[in-house]
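First up is the structure itself, then whatever we jot down about it.
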Amino acid sequence: MYGVERKMIYAQIKKGRKLHLVHEYEDGDVGQPICGIHAPQFRMSINVPLGNACKRCVRVFNSRQG
Ligand SMILES: [Zn+2]
């Protein structure tokens, strides 16, 4: 199980160009992209334009805000 969700960060899946949104947890673990795609490996990215993000991730993220 993961710990408490701390913040949203971007993750770029290896061999992929899309940036997905993932949760980073208090203990430093990182979850899977919120759009539901399976990502065995990815590297973290921050401070990137939201326009480069996976549209499904953005939709899920926006729906959670309201
Ligand atoms: Zn995504």
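The values are calculated or read from the model by the stated rules, or taken from the named source; none is laboratory data. Everything numeric in this text was worked out from a predicted model, so none of it was measured. Positions of Cβ are backbone-derived with ideal geometry, glycine not excepted, and every protein chain shown enters the neighbour counts.
Can you name the residue in the stretch 1-35 that is surrounded by fewer than 11 Cβ atoms within 10 Å (Cβ to Cβ) and modelled with pLDDT of 70 or more and, of all such residues, is nearest to Ser63 (Cα to Cα)?
Lys7
Cβ-Cβ below 7 Å, separation at least six or inter-chain, first residue in the stretch 5-21 and in a loop (DSSP other than H, G, I, E, B), second crowded, with 18+ Cβ neighbours inside 10 Å and modelled with pLDDT under 80: which pairs?
Note: pairs meeting the criteria are Lys14/Phe42.
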